[in-house]
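Quick note: the coordinates plus some simple rules give every number you see, no bench work behind them. Keep in mind that what you see is a predicted model, and the values were worked out from it rather than measured. Here the Cβ positions follow ideal geometry from the backbone for every residue, glycine too, while neighbour counts run over all protein chains shown.
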Amino acid sequence: MGGLRADGTWRNWAGNQVARPARVERPGSEEEVSALVRRAAAEGRRVRVVGTGHSFTGIAVSDDVLVTLDGLADRVEVDVASGRVRVDAGMRLDVLNPRLLDAGLALPNLGDIAVQTVAGAISTSTHGTGLGFRSIADAVVGLRVVTGDGFVVACDGGQNADLLHVARVGLGALGIVTEVTLQCVPAFNLHAVEEVLPVDEVLESFADHAAATDHAEFFWMPHTGRALLKRNTRTTEAPSPPRNRRHALRRRWKRFKNEEVMANAVFGALNHLGRLRPSLVPRLNGLVAGDGRAEYLTTSYEVFASPRRVRFYEMEYAVPVDCGLEAFRRVQEVVDGLGRPISFPVEYRVLGADDIPLSTASGRDTAYIAVHVFRGTPHEDYFRAVEAVMDDHGGRPHWGKLHFQSAATLADRYPGWEAFLAARDRLDPERRFSNDYLDRVLGA
């Protein structure tokens, strides 16, 4: 993960963003957050909050005051009757998930990485997959935010509901979120079916899979004709218990082998080899794509998210679902015409519409297309070519993933853009919480 270094710098997980803050603040309470904002205001300094560093953009970077909420990461208050859960904003999702399970609850949806903080995940419009479901931020029913003057604003259905509507995806531009209330659902398991199929077959049938399955997605390995199709169905059925201790050990080993050995250690080694010998990448991708089928049933968050040890750079775009597969096919053409091999998969997911002004799914059912490259390999020409495809479809970039857009190009793509800017003017008129990235994508 990213984090603060001994030399005083901060780096994100991918290593492509670096901050050299004048000072680092580690508040342990909401009162301390308010005080540090007031100090920064008196000094004329900007303030940014960092989480676990899983954004690839410069959204968290600041050379003024950098704030970590590691001291606001423990509290979980559960109202079992309503399913509402109040949590500290700095709590990581992978810490929260098992605590929710202990209370018989779960988040309605999750992305495929769960090491982000709660505040970081909602602020960047992090999402999962499933046309009948929405992003993590859609589950937010309450927030507490420290504004640019150091005051605390409570937002929920009974007070400041207009601000809650906007601030669920706030990019950290409206203030420092200290507490989040989430509307959870009864805990559920997922029946997962994963199979490698011809990519053309997956493209032909994916709309049917997405309509018939709770959570569907696929990953195409470039320079191969194969894709991994994942279909996850929600269920209250319990996993079958192991027959004996040996069977339990075999299950644990199989999961470790798939998640750590194959998906991380072996995949990482193949990427290092491919970086040294690019001509080998198509053949290596064939090994990664593999074949076969797997079927299993376990706790929802253990299916949704998996560990990512191999570091990469990523761009992801949201386009209307009706043109998603067309856009994907054009990305395939970009890969094939790039002039060098790509060693990371292209991912495709779908999600239901929400009404959050800066959500990437605001106002439309959405298809997400994500492209990646191994860390330390060229990416700008690839990502720019993919972005050009997405521009043709009114694509919205993930706020935490690489892109080349600006406020001028983005404003017309969000129906609630002006509502967000009005809330920003109200909560942070001095732009205390801005930085170079936010100046670019929201305007100064």
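The dipole here belongs to the stretch 150-240: it is taken about the Cα centre, uses +1 on the Cβ of Lys and Arg and -1 on the Cβ of Asp and Glu, and is about 240 debye. Relative to one another, the C-alpha centroids of the stretch 137-191 and the stretch 335-375 are positioned 25 Å apart. If R0 is 25 Å, the Cβ-Cβ spacing of D200 and D355 corresponds to a FRET efficiency of close to 0.10. Say R0 is 25 Å: what FRET efficiency, to the nearest 0.05, do S306 and T236 get from their beta-carbon distance? Efficiency at R0 = 25 Å is approximately 0.65.
Extension gain, E333 to A207: 0.36 nm times the residue separation minus the Cα-Cα distance gives 43.3 nm. Cα centroid separation, the stretch 58-107 to the stretch 302-325: 22 Å. Shape class for the stretch 353-444: oblate, because the ratio a/c of the largest to smallest gyration tensor axis (alpha-carbon atoms, square roots of eigenvalues) is 1.5 or more and b/c is at least a/b.
When restricted to Cα atoms, the stretch 76-186 yields an Rg and a Dmax of 13.1, 40 Å, respectively. Of all the options V141, V193, V87, the one that moves most in a Gaussian network model of the chain with Cα springs shorter than 10 angstrom is V193.
Here's the picture: charge each Lys and Arg Cβ at +1 and each Asp and Glu Cβ at -1 in the chain, and of S406, A318, G376 the one pushed furthest to the positive end of that dipole is G376. Annotation: amide H-H contacts under 5 Å for R226 (H modelled 1.01 Å from N, sequence separation of 5 or more, or interchain): V199, M221. Taking Cα centre as origin and charging only the Cβ of basic (Lys, Arg, +1) and acidic (Asp, Glu, -1) residues, the dipole magnitude of the stretch 76-186 rounds to 100 debye.
Taken about its Cα centre, the chain carries a charge dipole of about 1780 debye when Lys and Arg each add +1 at the Cβ and Asp and Glu each add -1 at the Cβ. Considering only N232, N271, N258, the Gaussian network model of the chain with Cα springs below 10 Å gives its largest mean-square fluctuation to N258. For the chain, the relative contact order works out to 18 percent when only alpha carbon pairs closer than 8 Å and six or more residues apart are counted. Extension gain for the segment R375 to A388, taken as residue separation times 0.36 nm less the Cα-Cα distance, is 2.4 nm to one decimal.
Taking the chain as a Gaussian network, Cα atoms linked when under 10 Å apart, which of R340, R431, R45 shows the biggest mean-square fluctuation? Answer for the Gaussian network model of the chain: R340. Quick check: from the Cα gyration tensor, does the stretch 205-318 come out rounded (a/c under 1.5), prolate or oblate? It comes out oblate by the Cα gyration axes.
The order of the peptides 120-127, 370-377, 21-28, 233-240 by mean Cβ neighbours within 10 Å, most packed first, is 120-127, 370-377, 21-28, 233-240.
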